[in-house]
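Reviewing the structure listed below.
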Amino acid sequence: MQTTLQTEDLNSLARDYFVSWEHLPYRSLYDNYSNAALAYLSQFPEIERGSYSPSGSLFLYTEPDMLVGVRQLFSESSNFGVHCARLEPAVFKHPDPYGICEIEPAARFLRSVISTLEGPDHLSAIADSSDIFTQHVLQTSGFRLADTIAGYHIPLAKLPAFESDPAIRTARPDDVPRLSAIATACFSQCHLNINRFNAEPAFDNDVAGRTYGNWFTRAVLERDADLVLVFDDGNLAGFLTLRLPPERETKYGVSIGRFVLAAVDPEHHGKGIYRRLIKTGLKWMQDRDVRFAEGKMHLSNHGPINVWQSFQARLALTYHTFHWTKNLIAGLNRLEAALATDLGT
Ligand SMILES: CC(C)(COP(=O)(O)OP(=O)(O)OC[C@H]1O[C@@H](n2cnc3c(N)ncnc32)[C@H](O)[C@@H]1OP(=O)(O)O)[C@@H](O)C(=O)NCCC(=O)NCCS
């Protein structure tokens with residue numbers, strides 16, 4: 001009983017911050033801000049106050065007008081062998097216009113939260129591209145830009161009905177070795193895909209690629225996706241993973257189907273395989289009365305962006321991911337000092 005009451009108190013505390021948070025994700029899609037706040041909040045089933053520990057909980061740190069949540073990222077931690085956590089949400093209310101005098105106290109609060117965290121060696125944080133204040137706070141606190149994502153929404157009712165594609169079928173367990181190898185190859189190298197893992201100097205590029213290979217494997221073998229489509233015209237050359245709208249959003253009247261991960265064998269790039277996978281995914285979502293299809297891409301990923309725009313996609317969200325790495329600055333300073341000694345400067 002005690003725990004239930006506590007959880008309710010924390011939920012209402014967080015809701016108060018989110019309801020008036022200008023950068024609350026997907027805010028404009030909901031009838032009212034309260035529903036948007038509740039849907040956002042319900043993605044965190046366990047909420048605790050402060051004192052982060054490695055667990056599934058979201059730990060909230062608050063000051064008047066400031067709230068920061070921290071939670072462990074399990075699959076990232078196990079893939080990279082580094083304790084990774086996510087700092088999300090980061091809610092900073094501030095006067096407008098603002099200056100250094102407003103940024104510095106927020107950065108001081110954030111640094112004080114980080115200094116109490118025992119465990120994480122790597123933190124990621126997201127800031128909407130319009131949320132310049134939070135971007136200043138993160139950069140003043142030692143975070144570095146890792147990537148910029150464009151999220152597109154396709155209103156499915158506006159599209160014509162699509163035909164089935166004979167070369168596209170659902171994934172089978174025996175597809176996993178070949179397609180997870182394609183995912184690993186496509187996401188490890190920046191020249192094929194830039195992502196926040198292969199863009200992070202503290203992470204190994206091969207491990208970055210294997211992270212995506214593992215996600216694909218889990219999507220098929222552990223059903224960590226509602227559908228996995230593969231392109232197979234006799235040669236297994238690509239895949240797309242999809243998620244149906246989650247109940248935490250549909251119960252507030254918002255229906256967004258997610259196109260999560262896609263990759264095509266580099267030997268077969270430029271032959272329209274991705275476009276065909278996307279078209280079949282759109283048909284699958286249309287058949288299930290999904291309202292919007294969502295695809296998120298790195299801003300430099302022109303091919304997928306062009307494909308999505310050709311299906312009447314609208315730019316719906318843009319955000320930056322920032323990384324903070326414990327001791328990275330100290331490590332770089334040591335490296336610089338060692339090089340200076342070597343060069344006799
Ligand atoms: C992105 C990827 C899936 C595209 O696969 P593909 O089968 O080669 O793509 P398609 O042949 O369907 O081409 C898609 C479009 O991109 C265009 N395109 C390709 N490279 C481009 C570039 N550098 N700039 C602009 N447009 C480009 C093509 O012209 C095509 O548009 P069109 O149909 O209007 O002619 C593939 O390159 C890949 O696996 N990349 C690495 C992983 C990745 O980025 N996945 C997507 C994000 S999850």
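Pop a pseudo-label 7 angstrom from the Cα along the beta-carbon direction at both residue 130 and residue 51 and give the gap in nm to one decimal.
In this crude label model, residue 130 to residue 51 measures out at 3.9 nm.
I'd like the orientation of helix 328-342 relative to the chain: the angle between its Cα long axis and the longest Cα principal axis, in ° from 0 to 90, rounded to 10.
Once rounded, one gets 80 degrees.
If you stretched the chain out fully between residue 82 and residue 115, how much longer would it get, using 0.36 nm times the residue separation minus the C-alpha to C-alpha distance?
My answer for the length gained is 10.1 nm.
How far is the Cα center of region 275-321 from the Cα center of region 56-134, in Å?
Region 275-321 and region 56-134 have Cα centres separated by 29 Å.
What's the longest piece of the chain with no exposed GluC sites (Glu not before Pro), counting a site as exposed if DSSP puts it in a loop and it has at most 11 other beta carbons within 10 Å?
223-345
Could you tell me the convex hull volume per residue, in Å³, taken over the Cα atoms of the chain?
Enclosed volume per residue, from the Cα hull, is 168 Å³.
If the chain between residue 167 and residue 12 were fully stretched, how many nm would it gain, using 0.36 nm times the residue separation less the Cα-Cα distance?
Working: separation 155, 0.36 × 155 = 55.80 nm, distance 4.98 nm.
This chain segment gains 50.8 nm when fully extended.
What is the local net charge at residue 203, summed over the other residues whose Cβ is closer than 10 Å to its Cβ (Lys, Arg +1; Asp, Glu -1)?
That sum, taken over residues with Cβ under 10 Å, equals -3.
Using unit Cβ charges (K, R positive; D, E negative) and no other charged atoms, how large, in debye to the nearest 20, is the dipole of the chain about its Cα centre?
Charge dipole of the chain: 660 debye, to the nearest 20.
Mind listing the phi-derived Karplus ³J(HN,Hα) values for region 190-205, rounded to whole Hz, using 6.51, -1.76 and 1.60 with θ = phi - 60°, and x for any glycine or proline?
With the stated coefficients, region 190-205 comes to 4, 6, 9, 7, 9, 9, 5, 7, 6, 8, 8, x, 7, 9, 7, 4 Hz.
Hey, could you grab the Kirkwood Rh for region 154-317? Inverse mean 1/r over distinct alpha carbon pairs, Å, one decimal.
Taking every pair of different Cα atoms in region 154-317, averaging 1/r and inverting gives 16.3 Å.
Helix 100-116 against the longest principal axis of the chain: what's the angle in degrees, Cα atoms only, rounded to the nearest 10?
It is inclined by approximately 80 degrees.
Between residue 42 and residue 174, what is the spin-label point distance in nm, taking each point 7 Å from the Cα along the Cα→C-beta axis?
Computed distance between label sites residue 42 and residue 174 equals 4.1 nm.
Taking amide H positions as placed 1.01 Å from N in the peptide plane, with prolines and chain starts having none, which residues 5 or more places from residue 227, or on another chain, fall under 5 Å of its amide H?
242
Give, rounded to the nearest 20 debye, the magnitude of the charge dipole that region 154-317 has about its Cα centre when Lys and Arg contribute +1 at Cβ and Asp and Glu contribute -1 at Cβ.
So the dipole magnitude of region 154-317 works out to roughly 540 debye.
Starting from the 7 Å offset along Cα-to-Cβ, what nm value, one decimal, do you get for the label separation of residue 104 and residue 306?
The two pseudo-label positions are separated by 4.9 nm.
Note down the magnitude of the dipole of region 190-286 about its Cα centre, charges +1 on Lys and Arg C-beta and -1 on Asp and Glu C-beta and zero elsewhere, to the nearest 20 debye.
It comes to approximately 460 debye.
Taking 0.36 nm per intervening residue step and subtracting the Cα-Cα distance, what contour gain separates residue 206 from residue 22 on full extension? Show your work: numbers first, answer last.
On the way: separation 184, 0.36 × 184 = 66.24 nm, distance 3.81 nm.
Using 0.36 nm per residue and subtracting the Cα-Cα distance, I get 62.4 nm.
By a straight-distance test (C-alpha under 26 Å), which lysines pair with residue 251 as possible cross-link partners, with residues fewer than eight away in the same chain excluded?
Candidates past the 8-residue exclusion: 158, 283, 296.
Have a look at 66, 285, 297 and tell me which one the Gaussian network model of the chain (Cα, springs below 10 Å) gives the largest fluctuation.
Taking springs between Cα atoms under 10 Å, the residue moving most is 66.
With everything on Cα atoms, drop me the angle between helix 176-188 and the longest principal axis of the chain, reported from 0 to 90° to the nearest 10.
Rounded to the nearest ten degrees, it is 50.
In sequence order, what are the phi-derived ³J(HN,Hα) couplings for region 90-98 according to the Karplus relation 6.51 cos²θ - 1.76 cosθ + 1.60 with θ = phi - 60°, rounded to whole Hz, with x for glycine and proline?
So the Karplus estimates, Gly and Pro as x, are 10, 10, 10, 8, 8, x, 10, x, 9 Hz.
Would you calculate, for the chain, the mean residue ellipticity at 222 nm contributed by helices, counting each DSSP H stretch of 4 or more residues as -39,500 (n - 2.57) and dividing by all residues, to the nearest 500?
-12000 deg cm²/dmol
Determine which aspartates and glutamates satisfy two conditions relative to residue 279: a Cα distance under 14 Å, and not lying fewer than 8 residues away in the same chain.
Cross-link targets: 163, 165, 287, 294.
Return the loop-located chymotrypsin sites (Phe, Trp or Tyr not before Pro) in region 114-177 (DSSP other than H, G, I, E, B) with at most 16 other Cβ atoms within 10 Å of their own Cβ; answer none if there are none.
162
Laboratory data are not the source of any read-out in this text; all were calculated from the coordinates shown. Quick caveat, the model's predicted, so the values are computed rather than measured. With ideal geometry, Cβ positions are generated from the backbone for all residues, glycine too; neighbour counts draw on all protein chains shown.
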